[in-house]
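Peer 1: Right, I'll just put the structure down here and ask away after.
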Amino acid sequence: MGLPLKWKGGVDSPWLTLSADSGGAPPQDSTTVSLTPSALGQGMQTGTVTITAPGAIGSPRTVTVSFKIKPCAEPTITADTVVNASIALADCGAPDRAGSLAKRYSLTANAGDTLSFRLSSPSFNAYLTLHDSLGTLLSQNDDCPGYTGPSCILEFPAPASGRYVIEATSVGTPDTGAFVLSVVRERAPSLPQSIGQFRSDSTTSIGIGATTPESVAVFKATLNDPNLRDSVRLELEVVQSSSPFSGTASHQSGFVGVGQTAWIRATGLVENAGYHWRARTCDKTSRCSAWLSFGGNSDAASDFFVNAIPEDPAIDAFSLNQFNGAVAIAVGGGTGGGLGSAQTVTFKATVTDPDPGDVLVLVVESQTTNTAFDGSTNLYRGTGVASGSTAPAAAGYSVGLLGANYHWRARACDQTSRCSPWVSFGGNSDVVTAATDFHVP
Ligand SMILES: [Ca+2]
Ligand SMILES: [Ca+2]
Ligand SMILES: [Ca+2]
Ligand SMILES: [Ca+2]
């Protein structure tokens, strides 16, 4: 046996430390080598520990210490996915956030893509960073707008096609726990589906081009978006058919989930007006589908009409006229025709009605000049015409031995039995014995 063994230890790297830097051998001795990697970059680190024991064979002895700092794994994910994972102590250190641990994911995007990331955790205050493939920090966020805790990078426009790295990490160091990371490539919604127009009960359909008896209409559509977790709403452009579409929405629904039905109640519709309308879907990022016109008809055609207030028709007093065949009979004139022959007098007038779609008939009362109008006998009804048309009514007479003189009046009636006031023909007297409007023959 010689002298007691004394040793000294040393290291050559600042990230290496020894629990004891000297000692003696009997019966055993040791020192613990520790690594402090926080200041180190990725890759292989190599240092040496040197043990010196004067007089001992083989002294000094060097021990090589190798320490590999692995880069964070970056598994590839695709847009429009939700990652349920967790940060653990074994995870890599966040490259931009000293002391924080991270999970990183790689995704590819095309130039112009709009990417949104949301990270939330029940265990830690979430933090997101976004890098390009070269490691350049593009965006980072602690708290989503209006929230504390979750982190959002919203509507990031990808500047180039290529690979991007999103890093889920924490504000606190070194926090761990489960998290949910959603990655969305924001896209415009789809065209609205199953668009329909309904009465105020929201279930009674208004047929295309039909008239509704209310000043309120309900519009419904099913809304979809390629971003299944997006929120979407219905936008309408409802305008009178006399106006072209302008591209500006007149109505917006509230937001609903993708695949749900949105509805809009439009009030204050203009009485007697015809409307056309179109619909689009817009999402929470203000992206919208194209407009979809309702009805499969011409955009100039009315999809529905409003008639909440039934109104009387009108007759144009100056348009009244009397004919024998195609030939007008002058006021006080005759039909002509031989004894016993049948003569037809056709009465005509222009009739109108403010109610959209009403069907109008001309009702004529023709009495001999020694008979007062009574409103119930010798009435002649024509066939129905649209508002603004000339309505005819015809009366047949047989030419008698003595001949006969007549006066007449007319009014317009609609299909709801609402009628205009009576209007007399000829601008002459109806007081019995009345002036002659026509005679037979
Ligand atoms: Ca969308
Ligand atoms: Ca009417
Ligand atoms: Ca009306
Ligand atoms: Ca008259």
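Peer 1: Hey, among Ser194, Ser182, which residue is under 25 Å from Gly135 (Cβ atoms), under 28 Å from the mean Cα position of the chain (by Cα) and in a strand (DSSP E or B)?
Peer 2: Ser182
Okay, residues lined up against (1) of a type outside the set (Asp, Glu); (2) modelled with pLDDT of 85 or more:
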| residue | (1), (2) |
| --- | --- |
| Lys8 | yes, yes |
| Asp29 | no, no |
| Gly47 | yes, no |
| Asp80 | no, yes |
| Ala90 | yes, yes |
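Peer 1: Any residue that is away from ligand 2 (no atom under 16 Å from the Cβ), over 20 Å from Phe318 (Cα atoms) and under 59 Å from the mean Cα position of the chain (by Cα) - is there at least one of those in region 348-371?
Peer 2: no
Peer 1: I'd like the residue in region 302-329 that is within 16 Å of ligand 3 (Cβ to nearest atom) and assigned to a strand (DSSP E or B) and, out of all such residues, is farthest from Trp277 (Cα to Cα).
Peer 2: Ala314
Peer 1: Tell me which residues, restricted to region 317-334, are of a type outside the set (A, V, I, L, M) and within 16 Å of ligand 4 (Cβ to nearest atom).
Peer 2: Answer for region 317-334, where residues must be of a type outside the set (A, V, I, L, M) and within 16 Å of ligand 4 (Cβ to nearest atom): Phe318, Ser319, Asn321, Gln322, Phe323, Gly332, Gly333, Gly334.
Peer 1: Restricting to region 408-427, and then to whatever is surrounded by 15 or more Cβ atoms within 10 Å (Cβ to Cβ) and not in a strand (DSSP E or B), can you tell me which residue is farthest from ligand 2 (Cβ to nearest atom)?
Peer 2: Filtering first and then ranking leaves Gly426.
Peer 1: Look at Gly172 and say whether it is outside any strand (DSSP E or B), under 32 Å from the mean Cα position of the chain (by Cα), in contact (Cβ under 8 Å) with a residue 12 or more places away in the chain and not assigned by TED's automatic domain parsing to the domain that holds Ser231.
Peer 2: no
Peer 1: Can I ask one more? Check every one of the strands (runs of 3 or more DSSP E) wholly within region 74-149 and list those with 3 or more residues that are surrounded by 15 or more Cβ atoms within 10 Å (Cβ to Cβ) and small (Gly, Ala, Ser).
Peer 2: 101-109
Peer 1: For the structure I just gave you, tell me whether Val399 is over 22 Å from Pro441 (Cα atoms) and assigned by TED's automatic domain parsing to the domain that holds Thr346.
Peer 2: Taking the combined requirement at face value, the residue does not satisfy it.
Peer 1: Go through the residues of region 200-219 one by one and say whether even a single one is within 15 Å of the chain's Cα centre (by Cα) and under 26 Å from Thr114 (Cβ atoms).
Peer 2: No; the residues of region 200-219 include none that is within 15 Å of the chain's Cα centre (by Cα) and under 26 Å from Thr114 (Cβ atoms).
Peer 1: Same structure, new question: Only one residue in Leu236, Leu181, Leu223, Leu228 is surrounded by fewer than 16 Cβ atoms within 10 Å (Cβ to Cβ) and more than 16 Å from ligand 4 (Cβ to nearest atom). Which one?
Peer 2: After applying the criteria, what remains is Leu228.
Peer 1: Can you find a residue that is of a type outside the set (A, V, I, L, M), more than 16 Å from ligand 4 (Cβ to nearest atom) and at pLDDT below 95 anywhere in region 303-310?
Peer 2: No, the conditions are met nowhere in region 303-310.
Peer 1: I want to confirm something. Restricting to region 264-280 and keeping residues that are under 11 Å from Gln240 (Cβ atoms) and within 16 Å of ligand 3 (Cβ to nearest atom), which single residue is surrounded by the most Cβ atoms within 10 Å (Cβ to Cβ)?
Peer 2: Ranking the qualifying residues of region 264-280, first place goes to Tyr275.
The values are calculated or read from the model by the stated rules, or taken from the named source; none is laboratory data. Here the structure is a predicted model, which is why all the values come from computation and not from measurement. Positions of Cβ are backbone-derived with ideal geometry, glycine not excepted, and every protein chain shown enters the neighbour counts.
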